[in-house]
Amino acid sequence: MPERLRAAKPKKAYEEVAEAIRAQVFSGRLQQDQRLPPERELAEGFGVSRVVVREAIRTLELAGILRVRKGGGGGTFVCRDFDKPLGTSIQNLLSGGAITLEDLFELRLLLEPPAAALAARRATPEGLASLDEVLAQAEMAQHDSQALRSLNLEFHRRLAAMSGNPLLSALCETVINILVNSLQGQLSIDTSLAVFGYHKKILQAVKQGRVQEAKSLTVSDLETLRDRYQQMGVELGDKARRRKAG
């Protein structure tokens, strides 16, 4: 006999409010950076308490749909930062010792070389101009470790965006951001210059539509970066995991 269907669990008031606001964002009624009405006005409009509205906003903030600003000019705004929950989950895995920085570098190697290959296949004049711009800025920043590192990272973000796959781009950006936050203060001008050299080669491969070359150069770029961090004494793999566990 088929199992008896369980009655659907009734939604809580804050879940209904969150769902209604989410629907307005996805339908376009609420636009990017649009400010929501004050908490009191929302409560009256939905016929609920301010506590319920506050919980709904908190839920949507965690989901990357709303952003709350404090102070003058503050309020609740639509942000559409949909990859935020993914980043939070990965950061929790890293902080809890379930994954290591080596795992994140390995994930970059799985994601970014194929993204570079797609960028070479799907390059547009606007995308190439964007990469030219960031490399020109990097050329002027070769004696500034922090600036050059930031521009090198921006090159990877723009390259991933050129893949034409928003999900792939979001995954790449999420992993890059977590690695950057985890390696704060680990600066080396020699490493940044070596990476910059790869970026110039990658751009030429992308411009000329050399798909496999763009992919293989990105592999070499990321492997070089990982190896340089290890040479600097940064623990990336199993030893870091064991130390956290112990």
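Assessment of the stretch 147-155 against the conditions (touching a helix residue (DSSP H, G or I) at 6+ places or on another chain (Cβ under 9 Å), at pLDDT 95 or above and among the basic types (Lys, Arg)) yields no matching residue.
Yes or no, residue by residue, for (1) of a type in the set (D, E, K, R); (2) in contact with a Ser or Thr (Cβ under 6 Å, 6 or more places away or on another chain); (3) modelled with pLDDT of 95 or more; (4) surrounded by 12 or more Cβ atoms within 10 Å (Cβ to Cβ):
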position	(1), (2), (3), (4)
Arg29	yes, no, no, no
Arg35	yes, no, no, yes
Gly71	no, no, no, no
Phe77	no, no, no, yes
Gly97	no, no, no, yes
Pro113	no, yes, yes, yes
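Leu62 satisfies every condition listed in (1) outside the structural domain of Ala214 (by TED's automatic domain parsing); (2) surrounded by fewer than 17 Cβ atoms within 10 Å (Cβ to Cβ); (3) touching a residue at least 40 places away in the same chain (Cβ under 8 Å) except (3). Residues of the stretch 201-211 include at least one that is modelled with pLDDT of 95 or more, at positive phi and either in the same structural domain as Thr88 (by TED's automatic domain parsing) or in a helix (DSSP H, G or I) (or both).
Which members of the stretch 162-189 meet the condition of being small (Gly, Ala, Ser) and outside any helix (DSSP H, G or I)? Hits for the stretch 162-189 are Ser163, Gly164, Gly185, Ser188.
Residues to consider are Leu131, Leu93, Leu159, Leu148; find the one that is surrounded by fewer than 21 Cβ atoms within 10 Å (Cβ to Cβ) and outside any loop (DSSP other than H, G, I, E, B). Testing whether each residue is surrounded by fewer than 21 Cβ atoms within 10 Å (Cβ to Cβ) and outside any loop (DSSP other than H, G, I, E, B) leaves just Leu93. For the stretch 134-145, indicate whether the set of residues that are within 20 Å of Leu86 (Cβ to Cβ) and outside any helix (DSSP H, G or I) is non-empty. No: zero hits.
The values are calculated or read from the model by the stated rules, or taken from the named source; none is laboratory data. Predicted model, so just to flag it, every value in this text is computed and none were measured. Cβ: placed from backbone, ideal geometry, glycine included. Neighbour counts: every protein chain shown.
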